[in-house]
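Data first, discussion second: the structure below is written as structure tokens.
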Amino acid sequence: MHPIVTEEESDLAQIRTKLLERPVETGASEKDIVEELLRIREELGGAKAEDLGSLMTQFDQLHALLGQIRRARKTEDVDPDSPYFAHMRLREDGKDRNLYLGKVTRIDHGLRIIDWRNAPIAQIFYRYQEGEEYAEEVGERILEGELVARRTVSISRGQLERIDSPQGTFVKDDGEWDHVSKTAPKLAGGQGASLLKHERGGRARQLGIGSQGRPQREDKHLPDIAALIDREQWDLITQPDSGLVVVRGTAGSGKTTVALHRVAYLAYQDPNRFRSNRMIVVVWGKALRDYISKVLPSLGVEGVEVVTWTKWARHQVRRHFPFLPKHIADDTPEIVSRMKLHPAFLLALQHQVDTVDNPPNADGVFEDFLGVFMDLDRLKISLQGSSFTAAEIERVWDWARRQRARLTDWIHGNKEERAELDAEDDAVLLRLWQLRVGKLRAKGRGKRANPLSYSHMVVDEVQDLSPLEVSVLLDTVDKRGSATLSGDTQQAIIEEAGFTDWGEMFGNIGLNETKVNTLKVSYRSTHQITSFARDVLGDLAEDDVPPMTIRPGAPVEMFRFTDHGACVGFLGEVLQQLARREPLASIAVLTPSPAISAMYADGLRSSDVPRLRLVRDQTFAFAAGVEVTEVNEVKGLEFDYVVLVEVSAQNYPDSAHTRRLLHVGATRAAHQLWITSVGTPSPILS
């Protein structure tokens, strides 16, 4: 066997023996360290000058470990079947010592296992490569030395299965060790690579430029747009200025590009009608809002309102119903959210307005809002034929009954108990206003206020809005009805929205004859990424034929680890290398939850990954660097590289929702996609 394999197997055997023979006793590690500190302190009194430095270093290291144990004392022991995931050897003052990184610290009886998340000395593993000299502050002293060995290991059921080191990767297969490779995996291929150029048929081609080098459709007024789009996109951009244009397409096919360029095209064609202050772009999230707000001015359109549905609807409710509470409930049951946004609920609202004679003003609309849930039997009749059971309707009715009581008490002056609306109530209230009163009102008061009327509206990622919300939005477009809807049902990740397919949605809002235009070329991702993303969808894929792609790339790869610390160490090293090779690259590390995002961001920061950002509340920088966030936060965005973290069975069980989440995460990558898993990999990946 290779000497590295021999050494690691011997170390594991000795460590397991000590763990099994000496199970942890609460305080045992602390007692041993205190005794060692006392011994060193006695030696310091009579030590020679040349020995003082070494003794002080030992004292400071043990003191730092003692502090860590006292801060995070745990009663559980290191698991003998998987005690650590990494091994490093430090050389200081000519002496070597071995440390092992795991999830629990154990420093006693010759064991030197440290918690990768807490032990200060663990930062050496993440910040330095094998053979490098280090200088790190631990406690109140600077440790200096050389990282002689740096290895990650996979240990399962007490057996060493894999070793990764600069000397190569060693894998145990059927009891035999194989020396697999001396080349570490790396991310590569994307810095500054323009997505506006690609190869087709062996000939360099720019989007919008035909095989003879001439524009496919010439328009001397808009050469910048004509140079960036293909023929199908251009045909959609230049549709007639009245009516509804619906753009459907796979991720990266240019849906948002078409919608924004259509805004610019209309503003150019008829600047009086399509003034900036009479157009609006409604988007799914704040990140896309920030991005589009910067794109439109570059297309020559200043001052167009770009807003999320949530912010727009909340603003309208507060203007139309100033007497209602401003607080939104954060504990609304899922069944309540789903019912209030369900297409059948549109009929319930219409039934309320048709059968009850309330005045056409804010007070009358509020009475409608309370009355929809007043009569349980009538509610059941309104929702007859929907997927809701009688028991579910009764649960929602009971929630609304209690909500109604708090609201009426609050409005009549009893402010002791806080009154709240559900987030979905914004759409309900606005739609009731439209049914009872008419058009929503622009700025102003009373009957003199002008109706809210947009000359053109863009609704992006429409698949994550409900038919109720889409109805509210489209009813604010002027009588010529100029609007652009773009979306992809394969990326529908808001489960409560109830969007299933285009035909059903248009039927629910009374637009049965609407034509859906499909973009069939995916320009963002490579063939390998696009194929993987489609396979992830399974039966949810909309087309029998995969979307066309413009370029090949690296294979999609998966990496398995026994611990998150090992994964962080692996990614830290890879991302450092990538930052040196491609300082302009944008990388997304996408996780299933905020807690995992925070853990990986902390670990990668300790690994000195440059330009690292933990993204909260969609505050993306749209700049080079590494951004760590949750997979459900990145819809509509694009990165050179994507790493999907912890794609395990626990986080991604086989369901329509998780399949779409993985599809969205995968298709954010332009050049390369990696997947990691510590737990059992998701069954979707099979």
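Table for the structure above
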read-out	value
Index of the failed condition, Leu38 passing every other in (1) open to solvent by less than 70 Å² (accessible area, probe 1.4 Å); (2) modelled with pLDDT of 80 or more; (3) among the aliphatic types (A, V, I, L, M)	(1)
Test: residue in region 287-296 that is within 17 Å of Val263 (Cβ to Cβ) and loosely packed, with under 15 Cβ neighbours inside 10 Å	yes
Qualifying residue in region 263-277 (condition: aliphatic (A, V, I, L, M), open to solvent by 50 Å² or more (accessible area, probe 1.4 Å) and touching a residue at least 60 places away in the same chain (Cβ under 8 Å))	no
Condition met for Leu266 (under 30 Å from Ser453 (Cα atoms), outside any strand (DSSP E or B), at pLDDT 50 or above and not aromatic (Phe, Trp, Tyr))	yes
Within region 627-654, tally of residues that are over 19 Å from Thr562 (Cβ atoms) and in a strand (DSSP E or B)	8
Of all residues making up region 12-32, the number that are modelled with pLDDT of 80 or more and either more than 30 Å from Glu161 (Cα to Cα) or small (Gly, Ala, Ser) (or both)	1
Ala259 being touching a residue at least 60 places away in the same chain (Cβ under 8 Å) and farther than 14 Å from Val477 by Cα	yes
Candidates Ala566, Ala623, Ala595, filtered to the one that is within 30 Å of Arg157 (Cβ to Cβ) and without any contact (Cβ under 8 Å) to a residue 40 or more places away in the chain	Ala595
Residue check, Leu537 under 30 Å from Val104 (Cβ atoms), surrounded by 16 or more Cβ atoms within 10 Å (Cβ to Cβ), of a type in the set (A, V, I, L, M, F, W, C) and touching a residue at least 24 places away in the same chain (Cβ under 8 Å)	no
Unique residue being buried (at least 18 other Cβ atoms within 10 Å of the Cβ) and either without any contact (Cβ under 8 Å) to a residue 24 or more places away in the chain or assigned to a loop (DSSP other than H, G, I, E, B) (or both) when the list is Ala405, Ala423	Ala423
Selected residue (criterion: nearest to Lys172 (Cα to Cα)) from residues of region 1-15 that are β-branched (Val, Ile, Thr) and under 41 Å from the mean Cα position of the chain (by Cα)	Val5
Residues (over 12 Å from the mean Cα position of the chain (by Cα) and closer than 21 Å to Tyr641 by Cα) located in region 668-680	Ala669, Ala670, His671, Gln672, Leu673, Trp674, Ile675, Thr676, Ser677, Val678
Residue within region 441-461 that is outside any strand (DSSP E or B), among the hydrophobic types (A, V, I, L, M, F, W, C) and open to solvent by less than 10 Å² (accessible area, probe 1.4 Å) present	no
Helices (runs of 4 or more DSSP H) wholly inside region 323-396 that include at least 2 residues being of a type outside the set (Gly, Ala, Ser), open to solvent by 20 Å² or more (accessible area, probe 1.4 Å) and at pLDDT 90 or above	343-355, 362-371
Verdict on Ser607 being touching an Asp or Glu at 6+ places or on another chain (Cβ under 9 Å), over 27 Å from Thr257 (Cβ atoms) and surrounded by fewer than 24 Cβ atoms within 10 Å (Cβ to Cβ)	yes
Selected residue (criterion: most open to solvent (accessible area, probe 1.4 Å)) from residues of region 670-686 that are under 17 Å from Leu571 (Cβ atoms) and hydrophobic (A, V, I, L, M, F, W, C)	Val678
Selection within region 635-669 - closer than 24 Å to Val574 by Cα, among the aliphatic types (A, V, I, L, M) and modelled with pLDDT of 90 or more	Val642, Val643, Leu644, Val645, Val647, Leu662, Val664, Ala666, Ala669
Residue that is least open to solvent (accessible area, probe 1.4 Å), among those in region 493-519 that are modelled with pLDDT under 80 and within 30 Å of Ala554 (Cα to Cα)	Ile493
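Table: residues versus (1) surrounded by 15 or more Cβ atoms within 10 Å (Cβ to Cβ); (2) among the basic types (Lys, Arg); (3) under 18 Å from the mean Cα position of the chain (by Cα).
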residue: Ile550; (1), (2), (3): yes, no, no
residue: Phe559; (1), (2), (3): yes, no, no
residue: Gln650; (1), (2), (3): no, no, yes
residue: Arg660; (1), (2), (3): yes, yes, yes
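The values are calculated or read from the model by the stated rules, or taken from the named source; none is laboratory data. Because the structure is predicted, anything quoted here is derived from the model rather than measured. Note that each Cβ is placed from the backbone with ideal geometry, even for glycine, and that neighbours are counted across all protein chains shown. In case anyone asks, the SASA skips ligands and DNA or RNA and just uses the protein heavy atoms, side chains included. Shrake-Rupley method; radii C 1.70, N 1.55, O 1.52, S 1.80 Å.
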